[in-house]
Structures are given as structure tokens and as C-alpha cells.
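Undergrad: Could you have a look at this structure, given as C-alpha cells, before my questions?
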Amino acid sequence: MIHYAIQDHGAGAALPLMVRLLDGPGVSIDISFDAADGALETVSAALGTRGPALSLRRSPSISWSGIGFHTQMIDAMQRALHLPGWTYFINASGSCLPLRSPAWTQQLLEEQAAQGWLGFCDCYRLGKPLAWISSQTEPATLKRCFGHEIYGRARLLVDPCLQEMVEEKRLDPARNIGQRVGLMYTEVEKNTYWVRPLSPAELEERARFLAEQPLRYGRSWLVLHRSIVEWLLESTILERTLEFMAGCFCADELIFAMTLYSPENPFLAAMCPDNLRHRQGGPQRIPLEEIPAILATGDRLMARKISAADYSAAAELVRRFNADPVPPRREDHSLLSDD
């Protein structure tokens, strides 16, 4: 039926409630948890006795905006393929709120499959030319670099030759998609990146790759038919894209859009540029009072982010809504709607 892969990088407080919302016949759930040992033990105890359909494991430490999220997600896909019985792979974070029961979700996905849609992942093309930043000068050592905080989430150790960009507030790879690939980023410790211009050889290599695989980006959230997961893990485009993204920023918003919408994907015509999440799974917190209206839209599978303080009440709203035999569906249902 459905395999859910959940990655949690917080305290895991919502995981027991999330699992209850997702539990059902034919469902398997894999949780990777990036937290201290004490938190892992607490979550494990809260989940109680687990059968083979529910797994909880430690995740490697993952940096915000780094490539670790995707290497962990690929590992989750590989693990999933060892399990029989599921047709769709759906990923989520520990702050996601499932809006629909697995049975309702399966019904919706079967309806979309009948229309030719087997994969759901939002995807956008860069609307302006990519601005490469390159230098033939030997990069400065880390000791000569200066720190630059972005959004309180990551620290950049910036090469001195980029100081003017920082002073003019033009260095913002979290928002500037082109800067994510137009510079070289090296993770030196968790949430800390050394940033420098590309060398001429590095620029040539990246430009050559993007000439074959145009730059695409989107959120990290997926709904994929098993056949697409099988193809992706066996494809060479995934390996090549991972290699390309190793020195990029926010690789988590690039890799799946680049691979799933590559001309090399034999399922390209079955890919829908909508991940079936409220607001495409954006990072803004959702107030509790908005949950009933989100549920009433009828065609979103998950919403994020839900605060830990609101999660229990939000989960109860979902439980009551899904207790109805036939949840309301919009007459003008459209996969390209954001709400």
C-alpha cells in the first residue's frame, strides 16, 4: 500500500501522534532520528512495541541546507525496497501533519494513476541566467575567512574576495537559487560551510553538467510509485547529480527536481509538478486555527510546519475529520492547486 519515510531532526515529540495518524493495514513506516541518545530512547519508549512495519533508527548528523538530507533519503528508499507490499513511497519530516488516512491517500493516488500520474514532486526552472562566480586566485585558508550567519540556521566561512558581496547583502544562497551552484560550498562541520569562488576548471565542469541537465529546483517532498523509486536508485543520473551537488548549497531543494525531471527519466510524462502538500510543504509555521480550512480543501496529503505545542490538538482535528466515512472532496479538484 504505502511506505512512509520520516526524517526527524528535533526532539521527536510529535512522532507517536504522527505514527498513529499514519498507521493502518498495509502501511509501513521508517523513522530516521537525528538527535541525542536520550531523545532517541524517549521516542522509542513512546512508540512502544513495534513490529516489522515500523522501524526507528538513528540518522547520521544532518546539516541544514547540506547534501546529507538526500543521502539519508536515498538510504530510506533503498531500505524501503527490501519491504514487500507497498506501492507508493511518501516522505515527511517530524513537523509534518498527515491530513489524510492511508486508505484515503491510496484511493486518491489510484485515481491519479488512472489519469497517468505516478510521481509527485514540485519543480521549477531558473527564470534568469545563472551568474557564475569564478577566480583563478588560490582560495584563502579557512583561518583567513570570515564568518557570516544566514537566517540563524547556518554559518558561512566566506573567502575574503567575497567580502563586498556580504557587505552589500548580495550573498544569500538560501534565496538566490543561482548562488547555490555558482559558488563552491564545502561543509566543514555541522551547519558550517566554507564558501569560495569556483576555479575555472570547476566552473567548466559545472557548466558542462548543466548544459546536459538544466537547473531545476523544488521542495524536498515526494510521492513516488514504487516503479519510479526502483528506476531512480538504479539510474546513473542520480549518481551524477549527487556528485554535482556535493559542492552546492541547499542541495536538498535541487537533487530530486534535477533527477526526476531529467530527460533521462522514463517516467517523465508521469511526473506531476505538485508534491500534494499544503503550500507545497513550505517552511512557514501553520497556526492551529487554520487546520480546519486546510482539511476542508480535500486534496492535500500533508501540511507543515506544525509546532510541538499545537501538534496534539492538530492531530485530534485530523483524527475527527478522517473518522467520517467519506471525507469531503472539492468538485474542482486540481493537482496544480496550492491549497
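The values are calculated or read from the model by the stated rules, or taken from the named source; none is laboratory data. Note that the coordinates shown come from a computational prediction; the quantities given were computed from them, not determined experimentally. When we count neighbours, we look across all protein chains shown, and the Cβ atoms used for this are built from the backbone with ideal geometry, even at glycine. SASA here: full protein model, heavy atoms, side chains in, ligands and nucleic acids out. Shrake-Rupley method; radii C 1.70, N 1.55, O 1.52, S 1.80 Å.
Undergrad: S32 - would you say it is without any contact (Cβ under 8 Å) to a residue 60 or more places away in the chain, farther than 15 Å from A80 by Cβ, polar (S, T, N, Q) and surrounded by 15 or more Cβ atoms within 10 Å (Cβ to Cβ)?
TA: Details: without any contact (Cβ under 8 Å) to a residue 60 or more places away in the chain: yes; farther than 15 Å from A80 by Cβ: no; polar (S, T, N, Q): yes; surrounded by 15 or more Cβ atoms within 10 Å (Cβ to Cβ): yes.
No, not satisfied.
Undergrad: Of all residues in the stretch 275-286, how many are in contact with a helix residue (DSSP H, G or I) (Cβ under 8 Å, 6 or more places away or on another chain) and surrounded by fewer than 22 Cβ atoms within 10 Å (Cβ to Cβ)?
TA: So the count comes out to 1.
Undergrad: Of all residues being aliphatic (A, V, I, L, M), in contact (Cβ under 8 Å) with a residue 60 or more places away in the chain and open to solvent by less than 40 Å² (accessible area, probe 1.4 Å) in the stretch 1-23, which is farthest from E41 (Cα to Cα)? Just the residue, please.
TA: Among them, the one singled out is I2.
Undergrad: Scan the stretch 214-228 for residues that are among the small types (G, A, S) and closer than 21 Å to P173 by Cβ and jot them down.
TA: Looking only at the stretch 214-228, we keep the residues that are among the small types (G, A, S), and these are 218, 220, 227.
Scanning the stretch 214-228 gives G218, S220.
Undergrad: Then there's this: So how many residues does the stretch 201-226 have that are open to solvent by 30 Å² or more (accessible area, probe 1.4 Å), under 30 Å from R279 (Cα atoms) and not aromatic (F, W, Y)?
TA: So in the stretch 201-226, the residues open to solvent by 30 Å² or more (accessible area, probe 1.4 Å) come out as 201-205, 207-208, 211-212, 214, 217, 219, 225-226.
Keeping just the survivors that are under 30 Å from R279 (Cα atoms) gives 214, 217, 219, 225-226.
Now narrow it down to the ones that are not aromatic (F, W, Y): 214, 219, 225-226.
Selection size over the stretch 201-226: 4.
Undergrad: Conditions: (1) open to solvent by 10 Å² or more (accessible area, probe 1.4 Å); (2) in contact with a helix residue (DSSP H, G or I) (Cβ under 7 Å, 6 or more places away or on another chain); (3) within 30 Å of I177 (Cβ to Cβ). S101 meets all but one. Number of the miss?
TA: Result: S101 passes all but (3).
Conditions (1) closer than 21 Å to D75 by Cβ; (2) more than 19 Å from the chain's Cα centre (by Cα); (3) at pLDDT 95 or above, marked per residue:
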{"residue": "L222", "(1), (2), (3)": "yes, no, yes"}
{"residue": "E234", "(1), (2), (3)": "yes, yes, yes"}
{"residue": "I237", "(1), (2), (3)": "yes, no, yes"}
{"residue": "L242", "(1), (2), (3)": "yes, no, no"}
{"residue": "E264", "(1), (2), (3)": "no, yes, yes"}
{"residue": "C272", "(1), (2), (3)": "no, no, yes"}
{"residue": "Q280", "(1), (2), (3)": "no, no, no"}
{"residue": "T297", "(1), (2), (3)": "no, yes, no"}
{"residue": "R300", "(1), (2), (3)": "no, no, no"}
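Undergrad: Scan R58, R79, R125 and give me the residue that is out of contact with any Gly (no Cβ under 9 Å at 6 or more places or on another chain), touching a residue at least 40 places away in the same chain (Cβ under 8 Å), over 19 Å from I228 (Cα atoms) and open to solvent by 40 Å² or more (accessible area, probe 1.4 Å).
TA: Details: R58 fails: touching a residue at least 40 places away in the same chain (Cβ under 8 Å); R79 fails: over 19 Å from I228 (Cα atoms).
Answer to the selection: R125.
Undergrad: Every residue in the stretch 28-51 that is of a type outside the set (D, E, K, R) and over 22 Å from I2 (Cβ atoms), please. Give the derivation first.
TA: Of all residues in the stretch 28-51, those of a type outside the set (D, E, K, R) come to 28-29, 31-33, 35-36, 38-40, 42-49, 51.
Matches in the stretch 28-51: A35, A36, G38, A39, L40, T42, S44, A45, A46.
Undergrad: Another question, then. Taking the stretch 143-160 only, how many residues are surrounded by 13 or more Cβ atoms within 10 Å (Cβ to Cβ) and free of Cβ contacts under 8 Å to residues at least 12 places away in the same chain?
TA: Going through the stretch 143-160 one residue at a time, the tally reaches 0.
Undergrad: Of all residues in the stretch 168-193, which are in a strand (DSSP E or B), open to solvent by 50 Å² or more (accessible area, probe 1.4 Å) and closer than 16 Å to I133 by Cα?
TA: Selection gives T186 alone.
Undergrad: Let me ask something else about it. Against the definition (in contact with a strand residue (DSSP E or B) (Cβ under 9 Å, 6 or more places away or on another chain), in contact (Cβ under 8 Å) with a residue 60 or more places away in the chain and open to solvent by less than 60 Å² (accessible area, probe 1.4 Å)), how does A113 come out, yes or no? Before the answer, list the steps.
TA: Details: in contact with a strand residue (DSSP E or B) (Cβ under 9 Å, 6 or more places away or on another chain): yes; in contact (Cβ under 8 Å) with a residue 60 or more places away in the chain: yes; open to solvent by less than 60 Å² (accessible area, probe 1.4 Å): yes.
Taking the combined requirement at face value, the residue satisfies it.
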